[in-house]
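Before any comments, here is the structure.
What follows draws every value from the coordinates through simple rules; no lab data is involved. Source: prediction; values computed, not measured. Cβ placement follows ideal geometry from the backbone for every residue including glycine, while neighbour counts extend to all protein chains displayed.
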Number of protein chains: 2
Amino acid sequence: MGEISPVAVAKCCSYTLYLGTFIQLPREPTTPATPKSAPIYKLLVNDGAVWVDNSDGRIAGSKWDIRSQRELDELAASMGWKLVYDDKEAKDDEGTAPRVKIIRSMGENNGFFFPGFIDTHIHAPQYPNSGIFGSTTLLDWLNKYTFPMEASFGDKSAPDTPSRRAHTVYSAIVTRTLSHGTTSAAYYATIHVPATNLLASVCHTRGQRAFIGRVCMDNPETCPDFYRDESTEAMVEATRASMEYIYRLDPSGTLVKPIITPRFAISCTSDGLAQLGKLAASTNPPTYIQTHISENGDEIETVKALFPDCVTYTEVYDKANLITPRTILAHGIHLLESERALIRERSAGVAHCPASNTSLSSGMCPVRTLLDDGINVGLGTDVSGGYSSSILETARQASLVSRLLSHHNGKENMGRDKLSVEEALYLATRGGARVLNMQDQIGGFEDGMFWDAQMIELGGCLESDADATVEQSALQPGGNVCIYGWETWEERVAKWMWTGDDRNVKAVWVGGRLVHGIA
Amino acid sequence: MGEISPVAVAKCCSYTLYLGTFIQLPREPTTPATPKSAPIYKLLVNDGAVWVDNSDGRIAGSKWDIRSQRELDELAASMGWKLVYDDKEAKDDEGTAPRVKIIRSMGENNGFFFPGFIDTHIHAPQYPNSGIFGSTTLLDWLNKYTFPMEASFGDKSAPDTPSRRAHTVYSAIVTRTLSHGTTSAAYYATIHVPATNLLASVCHTRGQRAFIGRVCMDNPETCPDFYRDESTEAMVEATRASMEYIYRLDPSGTLVKPIITPRFAISCTSDGLAQLGKLAASTNPPTYIQTHISENGDEIETVKALFPDCVTYTEVYDKANLITPRTILAHGIHLLESERALIRERSAGVAHCPASNTSLSSGMCPVRTLLDDGINVGLGTDVSGGYSSSILETARQASLVSRLLSHHNGKENMGRDKLSVEEALYLATRGGARVLNMQDQIGGFEDGMFWDAQMIELGGCLESDADATVEQSALQPGGNVCIYGWETWEERVAKWMWTGDDRNVKAVWVGGRLVHGIA
């Protein structure tokens, strides 16, 4: 338990070699979508070895069909490696051959490595409100639950330090999302620079790949007096201050990056939005941007009233140069065709947040339509509009909502709206990577990608067990996934998506560093 | 963890007194529904003591506002009790005062007793398929996944014994549902009498209150050759044999009862249905009945074609005298007004199975309409059309689906369709009890009711903790519910419903007997 620092890992061995079953989604569907059918994604399932360069945390190579010790030894011989099975061994041997530390996945038929999950939309300070949203919809909920909670992350009597709550909540949410296998997250913080910077530091220290957004709210007409930026200038200045802190914290931006975060059109002035667009374009490369769009009918009406010059919601952001290839737009449930075309043209991405959309009665996002239009789509937990900080739960909800949408759209739709298990897991990994414009860095196990991965172990309920043993195995700490042994890998992964939880996540790595669990 | 036999408990002490916070739903809404608003249920939250008569497992009395040892001692003095804190003490003392064993709930602000959950619709043999339903809808899914699995519970070479799979799966599902806090369940078994009887024995031995249904399928035109009754006569005979076994197993019917189970109209002949209706009426009191109704559009069309004499699906069952006050109708998504009126007239109940209905794209059941019409509604996991064997997850799905239905039905509906946390938990307890026609026996903590209860403990994430402690507490085995201490009980219970799981269920009792966990 605990984390091994990247330095310690690199000192021990040149490479870490992971051995076992590797499951991932393909970069593209095996069978593309047609007007009559959804695309088909087939799981890529391979037994073998993936080795990671400990100097940069990236995958250096892989070889499938390594199943026996003899085959592993042959691979080591051909590569000129010295295999290392425990840390002691590594220190004893001072030979010149590159040392390679071996980590095996658990369970032969119920354990596998899977790409880390990517949460493209999560409000870190709202974590304490998870599960509290009453019977309200978006705009009521913001005023009743969200703004008061977020306001408590600053302390007016000590404006230069994060509140005590900021410390405890940010520590808890990063720990919790890592335990769910989330290796990358796009976070909204609050309007407070010290607390936002703290969140960046927590992610950097714990080793979670993160985009950290100081929330921008400069419209005094729409934002509560107790929780808003004092002026457009103050908003831009605070945003810049937080960006500079984060760029200094992680100059390479490998692990933690700033993301410019106008909360949504309603909370910002036209001038404020335009200045944030300029700020994003002022860095090289341009800074990431995230905001909300088209979540709720009342919200859309309000945006129309506030920005009478713009025909659509998307146009409000586009006029301010906020729709870019590095922009994450959360929700996008009720986007018009012209808006989708514009988002596609700008290569921006959409964070689909099904648990939140259902909880707040916002509606069912037509994900298939977005995908058909060529828009990048990932998944977002949207804590705490979403009740769960788990992307696995979010994938489940994405599939569930798509099944209701399919029923709603009727038979002529031929079930095209349904997101299969594989497609939901694609959105949770590869799709999210595309939304973050990092599809060559994370989301899969190709050479050169970061080792952002989770080791999954499913429960066992062997049919050959006697009664008593079955009882024990049904209650083992492995959680609710019951694997009997006759299932295909596709069925095992389906059982994982539908009945799994954090108990199945035995270890998590980001950039080769162990950040959760036992390895 | 083992179970204490009821005999051992009764020997130790005359009463068991539970001490702590008790949370339940009221029998009736605090504010009834109006055409413009949903009913409001307010949680009943009481600190105090509930004592259970160990001779019959029923609640003998309760007293609120017992918070200190002094108050407890005063209660004991006034009742003439000898309080017993551990079993040894009980054996040492042979005085004449009734001995009362004390069990305290865990956690002061995060632990409570709650009525056991009631699962009004679950297919025990389908448990191994949990999470496997592909992209199909009802009728395909039955043929592809369900019937082959169910067929394997009999063994043609040994027709008088349950298959090995029956042993392991029935043991696992009863263990699993108990661990989720399900104290009563209405089970569908398979067509096999020995395996059905085995399920009854497992429930009886483990102490789960259960209705056990041998599945009836006598229509050779619609049922697969490898899995159906050989004739109507054979079907009725087999049903009668299983009923007789179960009535012998538990003559009082206190714990386990038979339930006559025509699978659905499609799988039975008119004559078969009529004979099952007669069989139900032939016992005194009449035997319970369960079946499926109006789940899926294709199903409804098929029923129309198969029973051209009947105008509606409900009429098919009613003609056979299968709609009674002791009948559980699963799903009921697409019921017509006339069907709802008939179901109400007959005082039958509906098992609402939201996870299943969404998973199989069956549609969104208009629960508010059923309730407005005066129909009893409970929740069903519908394993494995539903992916989860947890009624807590089912309550969550019921609330989620109702929020989408509310959005779908638009603003003029004023959000009436939404099921609040309290209402979803009402359906999970009191509502289920009404469907089982046992509203005076289970579902709450009134005097005379069975002590069918679960002890819940929520996780703690104290704001005053230092960082390291927060990290530990976020990962404690208590699961994902994070309680900070500032929440009202309503908010704590909401967090439990939205983010809780079996890790929060620390102990479960049925009729006063400990059947899961540590007390």
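Tabulated data
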quantity	calculated
At 7 Å out from Cα toward Cβ: B:ASP73 inter-copy label distances (nm, ascending)	7.4
Net charge of neighbours whose Cβ lies under 11 Å from the Cβ of B:GLY512, counting Lys and Arg as +1 and Asp and Glu as -1	0
Cβ-defined net charge surrounding B:PHE211, 12 Å radius [Lys, Arg +1; Asp, Glu -1]	+2
DSSP loop chymotrypsin sites (Phe, Trp or Tyr not before Pro) with at most 12 other Cβ within 10 Å excluded, longest remaining stretch of chain A	A:227-485
Qualifying lysines (Cα of each under 30 Å from Cα of A:LYS278; at least 8 residues distant if same chain)	A:LYS156, A:LYS257, A:LYS304, A:LYS319
Table column - 3J(HN,Hα) (Hz), segment B:410-420, Karplus curve with 6.51, -1.76, 1.60, x for Gly and Pro	x, 5, 4, 7, 6, x, 4, 6, 5, 9, 5
Shortest-first distances to equivalent copies, position B:ILE40, nm, label 7 Å out along Cβ	5.4
For the protein assembly as shown, with +1 on Lys and Arg beta carbons and -1 on Asp and Glu, the positive-most of A:PRO29, B:CYS216, A:TYR247 along the dipole	A:TYR247
Cα lying deepest toward the dipole's positive end in the protein assembly as shown, options B:THR190, A:GLY277, B:ALA320, charges on Cβ	B:THR190
Local electrostatic count at B:CYS310 - Lys and Arg +1, Asp and Glu -1, tallied over other residues with Cβ under 12 Å	-2
FRET efficiency, A:SER338 to B:GLU345 (Cβ-Cβ, R0 60 Å, nearest 0.05)	0.70
Semi-axes of the equivalent ellipsoid for segment B:25-83, Cα gyration tensor, largest first, Å	35, 15, 7
Computed Rg/Rh of chain A, alpha carbon atoms with Kirkwood Rh	0.98
Anisotropy class of segment A:157-271 from Cα gyration tensor, a/c 1.5 cut	prolate
Cα-Cα over 19 Å, subset of A:LYS42/A:LYS418; A:LYS495/B:LYS144; B:LYS42/B:LYS495; A:LYS144/B:LYS411	A:LYS144/B:LYS411
Span from the segment A:96-159 Cα centroid across to the segment A:337-376 one, whole angstrom	21
For segment A:202-229 and segment B:380-406, distance of Cα centres in Å	34
Teacher prompt: A:PRO251 distances to equivalent labels in other copies, 7 Å Cα→Cβ, nm	8.7
Sparsely packed trypsin sites (Lys or Arg not before Pro) within segment B:122-192, loop by DSSP, other Cβ within 10 Å at most 14	B:LYS156
